[in-house]
Amino acid sequence: MSNLPQEPSSEQNSEPKPGLLTELLDRASRLGLGQQAVRALTTLLVLGVLAVAVWGMSQFSKQISQTQEENLRATAQAIAAPTVNAATGLNGEELALAAMLPSFDGGTGGGLQRAAQPETIIPSRSRVEVTSYTVQQGDSLFSIAEQYGLQPETILWGNYDTLQDNYNFLRVDQELNILPTDGVYHRYSIGESLRTIANNYGTTPESILEYPGNDLDPYETNPDDPGIADGTMLIVPGGTRELVDWGPPRISRENPAVAAYYGPGSCGAITDGPIGNGTFVWPTPSRQISGYGYDPSVHPALDIGGAEGNAIYATDAGVVVYAGWSNTGYGNLVVIDHGNGWQSAYAHLYSYSVSCGQGVFQGGQIGGLGNTGNSTGAHLHFELLSDLYGKVNPINFLIP
């Protein structure tokens with residue numbers, strides 16, 4: 001029995017079975033197709049890998065497109081119905097935009113900050129119409145003109161019926177015309193041409209025609225026959241004219257009665273008296289300029305401040321040619337002729353201690369500082385008049 005053949009054990013039959021790919025290759029080899037099979041299988045494998053790669057990319061692309069679509073839909077919803085984020089104060093659209101910007105430190109260390117201005121700022125527009133102003137206590141011709149950015153002459157040129165070219169006629173509660181620009185306010189009379197009006201005020205008819213405040217059609221209005229209603233007030237922009245000088249006229253010793261229409265202070269004939277030396281001392285103890293300064297066209301004088309009753313001195317030797325009340329707003333007025341081509345005037349006096357024809361000497365007291373006539377406070381209105389230079393600025397001639 002020992003010589004009988006033995007069956008192989010399971011361990012001997014445990015050799016691994018060939019794989020599917022190996023088996024296919026062996027069969028192809030037995031059929032004489034070995035090399036062709038290898039090439040075919042290799043081609044199939046490459047095609048399979050490519051197919052898997054293409055499928056993977058398509059899935060990835062589809063996922064990205066879906067994500068973008070969801071983001072766009074969310075943004076559209078935020079824009080259509082904006083909501084404010086409680087923490088940032090921004091709505092959905094603003095938050096989306098903010099996310100795209102670099103971070104910024106809003107503290108004071110990064111730069112300048114500007115305070116919020118909740119109101120709307122409307123730029124000022126040029127005025128073209130005449131407006132009205134009520135004179136207040138303490139107003140002066142100069143202060144009103146400065147308030148409206150005008151020359152003092154324009155206030156007078158716009159209110160001749162009220163002020164008659166005399167700033168001394170200014171009164172509290174008066175209603176004044178305030179022109180929109182420097183110039184003259186002219187009352188039109190039937191028969192006048194715009195060309196004549198313009199020539200009288202040193203300007204052109206076009207400046208009157210084209211000024212919007214006059215409501216004239218420059219294309220339809222004839223400058224020589226404008227057809228304007230009688231009494232119509234016209235603004236003459238840039239126009240000027242001579243002002244009436246209501247100050248004391250040149251009063252000579254030979255003819256002092258020339259000032260009779262100024263008031264009862266005029267004098268009769270004067271035959272003799274002291275002659276000045278041509279130098280001028282200050283007429284008051286104070287040298288404080290008060291109120292009006294010198295202006296050759298509007299105020300050809302100097303206003304000197306001080307307490308009411310302060311002494312007033314003759315600036316140079318001469319003869320009194322006017323002493324008394326002035327009807328033109330100067331109150332108590334004294335005028336001295338110095339006999340050498342010079343004359344001095346002292347207005348708004350509280351009192352005066354000289355009389356017509358009296359000789360005075362330089363530095364002698366002639367009265368007291370006051371507030372009489374058209375005056376807004378105690379001061380001396382002081383004028384110097386030269387036959388050669390006219391009314392001059394006293395500051396340029398007074399001894400320091």
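Kindly indicate whether T196 is free of Cβ contacts under 8 Å to residues at least 12 places away in the same chain and either crowded, with 17+ Cβ neighbours inside 10 Å or in contact with a helix residue (DSSP H, G or I) (Cβ under 8 Å, 6 or more places away or on another chain) (or both).
So T196 does not fit the description; no.
For P226, state whether it is more than 23 Å from Q164 (Cα to Cα), touching a Leu at 6+ places or on another chain (Cβ under 8 Å) and of a type outside the set (A, V, I, L, M, F, W, C). Outline the logic, then answer.
Working: more than 23 Å from Q164 (Cα to Cα): yes; touching a Leu at 6+ places or on another chain (Cβ under 8 Å): yes; of a type outside the set (A, V, I, L, M, F, W, C): yes.
Answer is yes for this residue.
Only one residue in Y313, Y330, Y322 is touching a residue at least 60 places away in the same chain (Cβ under 8 Å), more than 45 Å from the chain's Cα centre (by Cα) and either more than 17 Å from C267 (Cβ to Cβ) or crowded, with 16+ Cβ neighbours inside 10 Å (or both), so which one is that?
Exactly one of Y313, Y330, Y322 is touching a residue at least 60 places away in the same chain (Cβ under 8 Å), more than 45 Å from the chain's Cα centre (by Cα) and either more than 17 Å from C267 (Cβ to Cβ) or crowded, with 16+ Cβ neighbours inside 10 Å (or both), namely Y322.
For the structure I just gave you, tell me whether Y261 is assigned to a strand (DSSP E or B), outside the structural domain of L141 (by TED's automatic domain parsing) and either surrounded by fewer than 22 Cβ atoms within 10 Å (Cβ to Cβ) or touching a residue at least 40 places away in the same chain (Cβ under 8 Å) (or both).
It is false that Y261 is assigned to a strand (DSSP E or B), outside the structural domain of L141 (by TED's automatic domain parsing) and either surrounded by fewer than 22 Cβ atoms within 10 Å (Cβ to Cβ) or touching a residue at least 40 places away in the same chain (Cβ under 8 Å) (or both).
So which of L150, L141, L163, L179 ends up being modelled with pLDDT of 95 or more, in contact with a helix residue (DSSP H, G or I) (Cβ under 6 Å, 6 or more places away or on another chain) and either on the phi < 0 side of the Ramachandran plot or assigned by TED's automatic domain parsing to the domain that holds T376 (or both)?
The match here is L179.
Select from the stretch 371-400 the residues that are within 35 Å of the chain's Cα centre (by Cα) and among the hydroxyl-bearing types (S, T, Y) and list them in ascending order.
Matches in the stretch 371-400: S375, T376.
Just one of D295, D230, D303, D245 is crowded, with 17+ Cβ neighbours inside 10 Å and of a type in the set (D, E); which is it?
None of the other options fit; the residue is D303.
How many of the residues in the stretch 233-258 are under 30 Å from Q151 (Cβ atoms) and either at pLDDT 90 or above or not β-branched (V, I, T) (or both)?
Final tally of qualifying residues: 17.
What are the residues in the stretch 355-400 that are modelled with pLDDT under 95, among the charged types (D, E, K, R) and buried (at least 19 other Cβ atoms within 10 Å of the Cβ), if any?
K391
Looking at I312, is it out of contact with any Lys or Arg (no Cβ under 8 Å at 6 or more places or on another chain) and farther than 30 Å from N159 by Cα?
Details: out of contact with any Lys or Arg (no Cβ under 8 Å at 6 or more places or on another chain): yes; farther than 30 Å from N159 by Cα: yes.
Yes; evaluated as a whole, the condition is true for this residue.
Six or more apart or on different chains, Cβ under 8 Å: which pairs go from a residue in the stretch 372-387 that's outside the structural domain of N168 (by TED's automatic domain parsing) and closer than 18 Å to I399 by Cα to one that's in a strand (DSSP E or B) and of a type in the set (K, R)? Could you list them?
E383/K391; L384/K391; L385/K391
Conditions (1) of a type in the set (D, E); (2) closer than 20 Å to W325 by Cβ; (3) within 41 Å of the chain's Cα centre (by Cα), marked per residue:
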| site | (1), (2), (3) |
| --- | --- |
| T240 | no, no, yes |
| W246 | no, yes, yes |
| P249 | no, yes, no |
| R253 | no, no, no |
| P256 | no, yes, no |
| T279 | no, no, no |
| Q288 | no, no, yes |
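The values are calculated or read from the model by the stated rules, or taken from the named source; none is laboratory data. Computed from a prediction, not measured in an experiment: that's the story for all the values here. In this analysis, Cβ positions are derived from the backbone assuming ideal geometry, glycine residues included, and neighbour counts consider all displayed protein chains.
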